[in-house]
Amino acid sequence: MAVDDARRHLMKTMAAAAMLAALPRDARSGDSRMADLILRNARITTLDTALPSAGAIAFADGRVLAVGDEAQVMAHANEDTRVIDAGGRRLVPGLNDSHTHLIRGGLNYNLELRWDGVRSLADAMAMLRAQVAVTPAPQWVRVVGGFSESQFAEKRLPTLDELNAAAPDTPVFILHLYDRALLNRAALRAVGYTQDTPNPPGGEIQRDRAGNPTGLLLAKPNALILYATLAMGPKLPAEYQLNSTRHFMRELNRLGITSVIDAGGGFQNYPEDYRIIEQLHADGQLTVRIAYNLFTQKKGEELADFQRWSKMVRPGQGDDLLRHNGAGEMLVFSAADFEDFREPRPDLPATLEGELANVVRFLAEQRWPFRIHATYDESITRVLDVYEQVNREVPFDGLHWLVDHAETISPRNIDRVRALGGGIAIQHRMAYQGEFFAARYGKDALRHTPPVRRMLQAGVPVGAGTDATRVASYNPWVALYWLVSGRTLGGLQMYGDDNRLEREEALQLWTHGSAWFSTEQERKGRLAPGQFADCALLSADYFTVAEDDIPDITSVLTVVGGRIVHGTGPFAPHAPALPAPMPDWSPVNRFGGYQGGTLAQARAALAQAHGPACRVHAHDHAGHGHAAHHAVPTRDLQAFWGALGCACFAF
């Protein structure tokens, strides 16, 4: 049924496009209204087959009003219209991350030192030492994902000795992918790990010969130990979390992102942990459109979670800036595999099928879209067995559902996803972990991990994203580079021509492709009349720059709903004001976010965009005292591990 509906929709769309293309170019909008904003002298990639390119675009009431030749678009200008000369730059539809964790990431963004994009360990350690010097007790310096040791020229992580020398008294926590965390001695003291601390299920606290923790925490393969330890760090108060989330959204705007789908996360309870994002929405301060999924929180009570939430919120509830999007990415803990490729693939328990069937049956009955985390084909096979069974009992009948990640999905299972009317959301996790995957499974297996080209050939809806921030970076241009080049950040060539995409194909997945996953494909992802007025004016031409330069592209002007939300360089006067990051010692104050190029280049770019690079107020460490001298509450770890259940921190 879903396949027939899709075919009928495709035929209608093609017929409409043919009729539209036959109209004169200046009649495309069929609208005589005046524009609120016009961008002229641009090289516009519309991703609209009826008019693939244009020179100017007009926005009114949050939507695209007209697009075409400059003279035709300027007919919609009057004395109240803001007209901006794009300077001949490339303009693309706003980017849409179909799988990220903005809501959680925003709460902590101002606390985190980002090594995303840093090219050498020497530069990364210089940043860390500088941040240690201004971080007051009892705060931590934390590097939480977004990088891989392979991106560094040295091809390694810092040693524990190097961390202890750089920060003898300030706690330092460094998270690397889903596989390990490094803690200096001050951090071990802060969290209270000793000889007597037990290993949690699926994790290891590495110890020396005397049984003392060394500071290396390993996922085996469960990342619970990594995220439980991170959760022991100091939190920002609500006022600072509001500020932090605004800065994270502005950082995404700086990279051209205008929409995301938030996949929930461990300890992200609804509605309690959504109050900050809801407050920003109520105050008119959202600069990214957010469709959010709800992630079950407690092993053994998954169905109860969704039954409770179904009485509180319904899919689509909200507006075009903040709306509910369904269930997942965690549906049941028994179906969750792990993507630590340094460890063997985990075997999922026999309880998976019954538990998943109960939840998916309920979601289908309630008409809740749903998504599920699944890395390995073996996991996907069992999940699809359940879905096919439930679909016979409660037909999905066009309900949007999807598999997240799907790195090793087989051609047979791709076809099964298509037959059931599902989609696949892919992320650039292999750009960070390709070397580790090849070491375990071989380079031949790596060639189609994930098999993006095969998914597209099968006609499956495919959306692109990052799965930021705890593994891969939130930078969409790194993901676009991965799709186009087929290489890891360390330079390993993973894919041949049969699994790399052309640049426009990759951009489609990051725009209109992702819109399917929030059921917004009719109004988002293209620059055509009636679509959302979301776009990004680029710092360099994505279609012509050298392939290796794609990751360093940014947006110089970003528009969401016809409203300018970011501007830099000559477009900075158009950007709305943003309060300074809070607290004043925040790494964001000194370093910003994604570090394009070398550390020196990153500092120069930050200075141009935000003024002098160092705006941190000096702290008297003699007065504050070192973190190691403060008593930090620790927990009953035996009870702590048990209360957390199976793996909720792993996502």
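The values are calculated or read from the model by the stated rules, or taken from the named source; none is laboratory data. This is a predicted model, so every value here is computed, not measured. Quick reminder, even Gly has a Cβ in these numbers, built from the backbone with ideal geometry, and neighbours come from all protein chains shown. Just so you know, the surface numbers come from the protein's heavy atoms only, side chains and all, with ligands and any DNA or RNA stripped out. Shrake-Rupley method; radii C 1.70, N 1.55, O 1.52, S 1.80 Å.
Based on this model, can you work out whether Gly326 counts as of a type outside the set (D, E, K, R) and either over 19 Å from the mean Cα position of the chain (by Cα) or assigned to a loop (DSSP other than H, G, I, E, B) (or both)? No, not satisfied. Among the residues here, Pro158 does not qualify as more than 29 Å from Asp337 (Cα to Cα), in contact with a strand residue (DSSP E or B) (Cβ under 9 Å, 6 or more places away or on another chain) and open to solvent by less than 20 Å² (accessible area, probe 1.4 Å). Of all the criteria given as (1) among the polar types (S, T, N, Q); (2) part of a helix (DSSP H, G or I); (3) closer than 23 Å to Thr49 by Cβ, the one not satisfied by Asn589 is (3).
Cβ-Cβ contacts under 7 Å between residues 6 or more apart (or on different chains), taken from a first residue in region 576-604 that is at pLDDT below 95 to a second residue that is acidic (Asp, Glu) and open to solvent by 10 Å² or more (accessible area, probe 1.4 Å), are listed as Gly596/Asp552; Gly597/Asp552; Thr598/Asp123; Leu599/Asp123.
Please verify whether region 252-260 includes one or more residues that are assigned to a helix (DSSP H, G or I), among the charged types (D, E, K, R), open to solvent by 10 Å² or more (accessible area, probe 1.4 Å) and within 22 Å of Tyr474 (Cβ to Cβ). Checking region 252-260: at least one residue is assigned to a helix (DSSP H, G or I), among the charged types (D, E, K, R), open to solvent by 10 Å² or more (accessible area, probe 1.4 Å) and within 22 Å of Tyr474 (Cβ to Cβ). Of the listed requirements (1) more than 21 Å from Thr287 (Cβ to Cβ); (2) assigned to a loop (DSSP other than H, G, I, E, B), Arg523 misses just one: (1).
Given (1) touching a helix residue (DSSP H, G or I) at 6+ places or on another chain (Cβ under 8 Å); (2) in a loop (DSSP other than H, G, I, E, B), identify the lone condition not met by Met312. Failed condition: (1). For first residues located in region 200-213 and in contact (Cβ under 8 Å) with a residue 24 or more places away in the chain, partners that are open to solvent by less than 60 Å² (accessible area, probe 1.4 Å) and not in a loop (DSSP other than H, G, I, E, B) and lie 6+ apart or on another chain with Cβ distances below 6 Å form the pairs Pro200/Leu224; Pro200/Ile225; Pro200/Trp641; Pro213/Leu188; Pro213/Ile205.
Among the listed residues Arg371, Arg418, Arg470, Arg454, which satisfies the condition of being farther than 22 Å from Leu501 by Cβ and either open to solvent by less than 10 Å² (accessible area, probe 1.4 Å) or part of a helix (DSSP H, G or I) (or both)? Result of the check over Arg371, Arg418, Arg470, Arg454: Arg371.
Glu204 falls short on exactly one of the conditions (1) surrounded by 23 or more Cβ atoms within 10 Å (Cβ to Cβ); (2) not in a helix (DSSP H, G or I), and that condition is (1).
Being closer than 30 Å to Phe396 by Cα and without any contact (Cβ under 8 Å) to a residue 40 or more places away in the chain, is that true of even one residue in region 462-479? No: region 462-479 contains no residue that is closer than 30 Å to Phe396 by Cα and without any contact (Cβ under 8 Å) to a residue 40 or more places away in the chain.
Of the residues making up region 402-413, those that are buried (at least 24 other Cβ atoms within 10 Å of the Cβ) and either closer than 12 Å to Pro461 by Cβ or in contact with a Leu (Cβ under 9 Å, 6 or more places away or on another chain) (or both) are Leu402, Val403. The residues of region 74-111 that are outside any helix (DSSP H, G or I), closer than 23 Å to Tyr292 by Cα and either touching a Leu at 6+ places or on another chain (Cβ under 6 Å) or not polar (S, T, N, Q) (or both), listed by number, are Pro93, Gly94, Leu95, Asp97, His99, His101.
Residues in region 147-158 that are touching a residue at least 40 places away in the same chain (Cβ under 8 Å) and part of a loop (DSSP other than H, G, I, E, B): 3 in all. Screening the candidates Val132, Val144 for the property of being free of Cβ contacts under 8 Å to residues at least 60 places away in the same chain and in contact with a Ser or Thr (Cβ under 9 Å, 6 or more places away or on another chain) yields one hit, Val132.
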